[in-house]
Amino acid sequence: MRRTLLLGVTGSFLLAYTATLPGQVNLSEAHRKAAQRSRRIIFQDDVGCSGMPFTKKNLSPEQVDSAVGYYMSRLDAEPNQIDSVWYEWGEGNIAQWRSKVLPTNREIFPEWWAAGLDPIQLLLEGVKKRGREVFFSYRVNGSDNGFGEFKPPMKIEHPEWMVPRFERKVDTWRISIWNDFWDFSFPEVRDYKVKILREVAEIYDFDGISIDYARVPLMFPEGTQWQRRDLLTDFMRQVRLALLEVGEKRGRPYLLATRVPENLLGCHFDGLDVEAWARENLIDIFVVGCRSSDADLFAFRHITKGTGIKLYPSFDDHHSSDGYIEPSVELWRGVCTNWWRQGADGIHTFNLVFPDPEAAEPFGYGDGFSSTPLDTGWKRQREIYRDIGSLETLQQKDKLFYVQRRGGGHGKTVVPDPENWHTPRHMYFNTNMFAPLPAPLDNAGKADTLLTLYAGDDVMSAGKKLKSLRLHLLLSDPEATDLADDERLQAVRVAPRRFLDHMPPAKGIEKSIEVRLNNLSLGEGRIEAGWIVFDVKPVQLALGENLVGIRVKSRPKDARQPLIVEKLELHMRYRKPMRRT
């Protein structure tokens, strides 16, 4: 049946849309202008799961103000480049607001509501007062193990609407899905989610809503994702129409963003037809990726050409790729430099949520979910939010560029470890499945192991301001495990979260390794703290993609197992400007 929906014929949100014959959604000039706002940094805060300090009950009026100040401290710490704040309230199955659609958080928030306080509204108003844009971020298929969460009655009443649970073990690798996740094959599930998002939009005056597919991208039973892609496109269509209608009623646009995998192949793997979403103008903002530094912005720019859709690559500070949890300021600078160089419209950050220690003190905040002390984490975070919002503020500051490892994040219960890697079938998102490391070297030394290292800093223009440029190579050697410690290199922790050290090769290994950068030999390396380090001349480095070739020049004839490239990093150091007295 052909059905045409008309919205705002006499207003500023004119839209004519034929539901059974998908075409491009027509957006008003006001809507397009709102989508084009400058967002140097999007700061996403996982309020409902971290739960501090809105887990506190019976707060005095002064403490309520302090609670808001806790969250606002990130915006008030100048200088920073945060232009947009996206708040995420729990896993999406239990409402932190007075909902008529979802069950509500029965443990904490009713006490706030009884006192006439709405934490969501308080933070929304706090951000608006500071002149920033504010979004509501929604985990469209979250788990049931977040802050204040319990299994909602709808899941108990309709187990057939859930993606089948599974647990499997291969060698030492185990993966299990222990939560019940919605199966979006069912129209009832899709309708239910649309009602939830419409309700949020009608209650709160956000600038927009973001649909987060990163937590968790189990939208369909494994092995069926791509063939059911039209169902998710229909869902996005319904959400778009609902928000356009709410925007028309309130008299200003309600934007729609979505977080999707960092490349088109990953989107296809998980059943997300982002090309159709772009073609039909179903969204305003793509946030691409989560814990990956390899966002394919060129491909997303191609599919969004002429649409006005904005692109924001995302980096997760806590659930990062394997071996890089809570990365240094230098690594953040390197990742974001690359993204700006590749045409990003801004940077989206996740789990970078340290509060000002002074603002946290009234709530007994220790170190939160992080292993980093609060003072240290706050200082690092302030530097990151000061620097990463433009190429200009990143210019001639120390950076680290690296080649990514597979896996990471939550560990082997969701994603396999790289040293015991097996291809996940249930999801692509968050796996860093295409990452090249760890990688073996050819024992016979006939072929290079080829790796691509992207470096977005123009070192040729730095001149004498560049202090040093060094390539760091970390190798494991399974053949050397029986050697005495004093015969091997120093052990290096590869993955701090998993307490995983590399297998140190025998001393003298640097004489057996040849490394070429863009087919230029770097000569013999030297050993520094378990790494093989090579000096790089600026003229040897390309701006953008660089080809690194690693070859074994000599290997014992009885060696059965190959050397393994664990990590490859490029460290840039600049001379500090002299301070005037």
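The values are calculated or read from the model by the stated rules, or taken from the named source; none is laboratory data. In this text, all values refer to a predicted model and were calculated from it rather than measured experimentally. Virtual Cβ from ideal backbone geometry, glycine too; neighbours counted across all protein chains shown.
Values as computed for the structure displayed
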| quantity | calculated |
| --- | --- |
| Hits in the range 282-334 - residues which are polar (S, T, N, Q) and touching a helix residue (DSSP H, G or I) at 6+ places or on another chain (Cβ under 8 Å) | S293, T304, T307, S328 |
| Residue check for L15: more than 27 Å from E78 (Cβ to Cβ), buried (at least 19 other Cβ atoms within 10 Å of the Cβ) and either modelled with pLDDT of 50 or more or not assigned by TED's automatic domain parsing to the domain that holds D234 (or both) | no |
| Residue, surrounded by the most Cβ atoms within 10 Å (Cβ to Cβ), within the range 392-409, restricted to residues that are assigned to a loop (DSSP other than H, G, I, E, B) and not β-branched (V, I, T) | G407 |
| Search result, residues across the range 525-538 that are assigned to a loop (DSSP other than H, G, I, E, B) and under 7 Å from E510 (Cα atoms) | G525 |
| Members of the range 184-218 found to be crowded, with 21+ Cβ neighbours inside 10 Å and farther than 25 Å from Y254 by Cα, listed by number | L218 |
| Selected residue [surrounded by fewer than 21 Cβ atoms within 10 Å (Cβ to Cβ), in contact (Cβ under 8 Å) with a residue 24 or more places away in the chain, under 20 Å from the mean Cα position of the chain (by Cα) and more than 17 Å from N263 (Cα to Cα)] from V353, V329 | V329 |
| Q540 being among the polar types (S, T, N, Q) and either touching a His at 6+ places or on another chain (Cβ under 9 Å) or over 30 Å from L297 (Cβ atoms) (or both) | no |
| Residue within the range 446-467 that is touching a helix residue (DSSP H, G or I) at 6+ places or on another chain (Cβ under 6 Å) and closer than 30 Å to D558 by Cβ present | no |
| Selected residue [under 17 Å from A439 (Cα atoms), surrounded by fewer than 20 Cβ atoms within 10 Å (Cβ to Cβ) and at pLDDT 95 or above] from R560, R516 | R516 |
| 1 or more residues at pLDDT below 95 and of a type in the set (A, V, I, L, M): qualifying helices (runs of 4 or more DSSP H) within the range 273-391 | 357-360, 374-387 |
| Whichever residue in the range 410-456 is assigned to a strand (DSSP E or B) and of a type in the set (G, A, S) and, among such residues, is nearest to F298 (Cα to Cα) | A455 |
| Condition met for E545 (acidic (D, E), farther than 25 Å from G323 by Cβ and in contact with a Phe, Trp or Tyr (Cβ under 9 Å, 6 or more places away or on another chain)) | no |
| Residue list for the range 141-156, restricted to those being touching a Lys or Arg at 6+ places or on another chain (Cβ under 6 Å) and at pLDDT 85 or above | G142 |
